[in-house]
Amino acid sequence: MTLSIMIVDDDVVSRSMLHDIIESCGIGELAGMAEGGIEGARMIMDLRLK
């Protein structure tokens with residue numbers, strides 16, 4: 001089973017570093033990235049409705 005990962009962080013550098021780590025290590029599938037909690041929650045809800 002592949003992990004679906006949503007990165008939610010207000011710092012663009014942190015989001016970028018986490019994205020690179022996830023892709024280089026192959027620890028899961030990046031579902032998306034968001035700048036804040038509300039945006040992240042909306043993105044997760046949108047993904048769950050598909």
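Quick look at the values:
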quantity	calculated
Residue that is farthest from residue 41 (Cα to Cα), among those in segment 1-22 that are loosely packed, with under 13 Cβ neighbours inside 10 Å and of a type outside the set (A, V, I, L, M, F, W, C)	20
Selection from segment 23-50 of residues that are outside any helix (DSSP H, G or I), touching a residue at least 24 places away in the same chain (Cβ under 8 Å) and loosely packed, with under 13 Cβ neighbours inside 10 Å	27, 29, 36
Hey, residue 1 aliphatic (A, V, I, L, M) and in a helix (DSSP H, G or I) or not	no
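Every number here is computed from the coordinates shown, using simple stated rules; none is lab data. Quick caveat: nothing in here was measured; it's all calculated off a predicted structure. No Cβ is skipped: glycine too gets one built from the backbone with ideal geometry, and neighbour counts run over all protein chains shown.
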